[in-house]
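Just so it is clear, none of the values below were taken in a lab; they were calculated from the coordinates. Here the structure is a predicted model, which means the values were calculated and not measured. A quick note on method: Cβ atoms are made from the backbone with ideal geometry, for glycine too, and the neighbour counts reach across all protein chains shown.
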Amino acid sequence: MPNARKTQSTPSAACRDDVSYHRSLAWAGLELSVNLEGCLMTLRADHVTGAFFIGFGVLVLALSGDLPTGNLSMPGSGFMPKIVAVLTIFFGVVLAVRAGESKIFATLSWNDAKHAGLVVGITAAAVALFEWLGFLATNALLILTLLVVIERRPLLPAAVYSIGVVAITYVLFVYILKTPLQAGPLGF
Amino acid sequence: MESTILSLAHGFSVALAPANAWYAFLGCLVGTLVGVLPGIGPLAGISILLPVTFGLNATQAIIMLAGIYYGSQYGGSTTSILMRIPGEASSVMTCIDGYAMAKKGRAGAALCIAAVGSWVGGTVGVLVLTVVAPPLAQIAVSFGPPEYTALLVLGLIFLAYMSSSSLIRTLLMACLGLLLGMIGIDNMTGHFRYSFDLAELGDGIGIVPVAVGLFGLGEILSTPSSGAVKDIVSPRLRDLLPTGKEWNEAALPIARGTVLGFIIGIIPGSAHIISSFLSYAIERRVSKHPKEFGKGAVAGVAGPETANNAASTGAFVPLLALGIPTSPITAVLIGALMIHGVSVGPMLVNEHPDVFWGFVASMYVGNLMLLVLNLPLVSLFVTVLRIPYAYLYPLIIMFCIIGVYEVNNSIVDVWIMLIMGVVGYALRKFDFDPAPLVLGLVIAPILEQSLRQSLIMSNGNYLIFFSRPISLGLMLVSIGLLALAANAFVLKRADWRARLAEAETGETER
């Protein structure tokens with residue numbers, strides 16, 4: 001596959017093939033050493049991050065519209081945010097312009113994204129339930145779900161572990177360190 | 001000088017009170033564990049455990065939290081040497097030669113040298129802190145807004161300059177942090193800024209949710225349990241003592257690391273990380289056998305480990321004397337003291353001598369405790385690493401939630417922590433260091449207020465920063481650093497920082 005470019009007549013097709021090939025390698029978590037010279041336009045990591053920071057800076061400026069800038073002798077509440085937003089845009093542009101030194105975007109490894117997504121989703125559910133169910137129930141469920149759903153651990157040991165560590169933590173905080181924890185519907 | 005000695009004696013009477021000594025021990029123990037465990041650094045550790053100190057008095061709280069801080073510097077070396085995994089960022093350089101020594105059967109000697117170096121760096125650092133901080137606090141009383149502005153600008157520029165990865169990336173992170181730090185009510189005019197009608201954002205975004213999200217949760221998201229490494233070299237107790245040759249090779253690097261670490265620690269930025277990188281570079285440069293670096297050079301362990309501990313102590317100088325947080329960690333410590341009604345700054349030494357001197361004296365005691373803890377109990381700490389990561393990280397997530405929620409009893413803070421976890425994950429993907437972001441967040445309110453006050457004082461004249469001797473000196477140093485960085489950046493010339501980064505990359509990938 002790395003020789004595909006030699007057999008392709010158009011550089012853009014070669015780029016497309018190489019990029020999809022290397023993206024599949026990246027998903028498989030393999031180390032990459034690629035050379036995509038000759039591509040018409042190679043999207044690099046810093047093109048993406050540079051564009052993000054430019055957009056973020058513009059967004060801050062837009063949101064700062066109603067904040068008074070004041071003047072040099074009496075700076076207003078919008079004075080400093082606008083300066084920093086302009087600096088962010090400037091540095092974003094520099095980053096994007098010098099993106100040639102960064103990795104090719106398609107070759108970034110995202111093989112841990114599924115793990116990250118699941119952890120975020122389960123933790124978000126726990127955060128949403130935290131004030132309703134309280135510390136004990138929410139965290140026992142959180143740890144149990146992480147162990148069973150993500151780590152594929154057997155249910156019984158995972159349940160014993162999750163209830164055990166949450167109970168020990170509760171005793172440690174509430175009775176030894178005298179730090180109250182969020183109570184649930186049953187008062188604990 | 002006599003009054004300093006008398007005050008220090010009073011500090012020892014406070015630090016050696018059984019309750020205070022117990023909290024110093026507890027802090028050192030927890031800190032060592034925090035340093036040993038990959039994925040939970042000192043910042044996340046301190047932030048998570050902040051609520052635990054709510055039931056303590058101010059002296060006990062700062063003694064315990066500082067113990068966690070410098071304890072983690074000690075603990076970080078254990079995983080670096082035995083597993084080639086830096087427990088926290090400042091131990092990255094120790095991985096290179098520490099693990100190589102372990103592979104050659106000298107794991108015990110490497111651990112001993114790291115522990116002794118850390119102790120020397122920490123203790124000498126405290127000695128200098130004892131002498132320097134009180135007079136500096138007297139000078140700091142004369143600091144006005146222009147001086148504070150110039151000092152904070154220097155801190156940001158120094159951090160960007162010292163970053164071996166990229167000047168622009170560091171500055172972008174700092175800008176992002178500054179913008180986050182401006183969310184909430186403007187102290188000078190009362191305007192709500194970027195709070196989107198959320199009352200919880202009126203007070204701004206806290207350091208704890210951001211720090212725990214970026215460094216705690218972000219690290220977990222980037223580390224699937226299948227990728228956790230478990231190749232641990234177990235040292236034997238009888239092999240702990242280094243040979244005479246190894247002591248000789250370690251002596252000068254320890255001395256250099258102490259001086260270098262303390263000086264860098266005083267300057268705002270991620271001092272303990274930068275100091276260990278610089279120390280490694282210097283040791284390799286001055287070594288008669290530079291080719292041994294990467295293959296188990298004693299100096300490659302002694303220098304960086306000493307420097308990061310000395311820097312941790314040095315970072316307390318601006319904290320105690322000026323009330324300026326030079327790193328996210330010291331910012332959390334300031335927050336902890338403020339929760340207990342103690343304002344940090346030039347007046348601390350006079351208004352709260354128990355807190356100031358008790359804290360300083362506890363650092364002598366704590367460093368000794370760490371030496372005792374880290375050598376004989378190293379096997380015990382290694383046992384913690386045998387807990388499967390799959391069981392460990394759910395526990396860390398739980399502590400992240402408790403730690404963030406308990407500070408303000410705010411679920412919005414926990415959501416911010418979760419969002420910051422995702423941001424931290426993305427930043428790692430795109431090779432951004434999140435530390436400058438947290439530093440920007442920390443200094444944003446002080447920087448903005450002092451800049452605006454300076455301009456009001458001078459009726460809008462920027463030359464105020466160049467018309468007062470202290471701020472002039474600080475601004476000139478900033479301009480000099482910017483000129484050096486710009487020279488290398490524009491001409492794409494590989495200066496010493498780029499060469500150091502290349503060498504580090506090559507060696508850590510080896």
Computed Rg/Rh for the stretch A:89-139 (Cα atoms; Rh = Kirkwood radius) stands at 1.32
Relative to the compact-globule estimate 2.2 N^0.38 Å (N residues), the Cα gyration radius of the stretch B:52-186 stands at a ratio of 1.38
Using only alpha carbons, build the gyration tensor for chain B and give me the equivalent ellipsoid semi-axes, biggest first, whole Å.
-> 33, 26, 25
On a 0 to 90° scale, report how tilted helix B:411-429 is relative to the longest principal axis of chain B, with both axes built from alpha carbons and the result rounded to the nearest 10.
-> 60 degrees
With Cα coordinates, the longest principal axis of chain B makes an angle with the long axis of helix B:435-457, in degrees rounded to 10, of 30 degrees
Separation in nanometres of the label points that stand 7 Å from Cα toward Cβ, at residue B:6 and residue A:176 | 4.2 nm
Largest-first ellipsoid semi-axes for the stretch A:145-188, taking √(5λ) over the Cα gyration tensor eigenvalues, angstrom | 25, 12, 8
Applying 1/(1 + (r/R0)^6) with R0 = 35 Å to the Cβ-Cβ distance of residue A:160 and residue B:351, what FRET efficiency is obtained, to the nearest 0.05?
-> 0.10
Compactness relative to 2.2 N^0.38 Å, alpha carbon Rg of the stretch B:260-314 = 1.11
Using alpha carbons only, what's the Rg to Rh ratio of the stretch B:252-364 with Rh from Kirkwood?
-> 1.11
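Within a 10 angstrom radius of each residue's Cβ in B:395-402, how many Cβ atoms of other chains show up on average? Whole number is fine. List each step's numbers first, then the result.
Numbers: counts 8, 0, 8, 13, 2, 1, 9, 8.
What the average comes to for B:395-402 is 6.
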Sites residue B:104 and residue A:97, calculated FRET efficiency, Cβ-Cβ separation with R0 30 Å, nearest 0.05 | 0.05
Using only Cα atoms, tell me the angle between helix B:18-36 and the longest principal axis of chain B; keep it within 0 to 90° and round to the nearest 10.
-> 70 degrees
Compute from the Cα atoms of the stretch B:339-497 the Rg and the Dmax, the latter being the longest Cα-Cα distance, and quote both in angstrom.
-> 23.0, 63
Of B:104/B:288; A:114/A:178; A:82/B:429; A:82/A:114, which pairs sit farther than 32 Å apart, going by alpha carbon to alpha carbon?
-> A:114/A:178; A:82/A:114
Could you grab the Rg to Rh ratio for the protein assembly as shown? Cα atoms only, Kirkwood for Rh.
-> 0.96
State, to one decimal in nm, how far the label point of residue B:203 lies from the label point of residue B:377, with both points 7 Å from Cα in the Cβ direction.
-> 3.4 nm
Just counting partner chain Cβ atoms within 10 Å, what average do the residues of peptide A:113-119 show around their Cβ?
-> 6
Would you mind computing, in nm to one decimal, how far apart the modelled labels at residue B:466 and residue B:368 are, each placed 7 Å from Cα along Cα→Cβ?
-> 5.3 nm
Summed over the other residues with a beta carbon less than 13 angstrom from that of residue A:80, with K and R at +1 and D and E at -1, the charge totals +1
Toy charge model, Lys and Arg Cβ at +1, Asp and Glu Cβ at -1: chain B dipole around Cα centroid in debye, rounded to 20, equals 1500 debye
Calculate the all-directions average of the projected area of the stretch A:58-158's alpha-carbon convex hull, and give it in nm².
-> 12.0 nm²
Dipole magnitude of the protein assembly as shown about its Cα centre, charges +1 at Lys/Arg Cβ and -1 at Asp/Glu Cβ only, in debye to the nearest 20?
-> 1660 debye
Exposure proxy ranking, count of Cβ atoms within 10 Å, fewest first, for B:203, B:433 = B:203, B:433
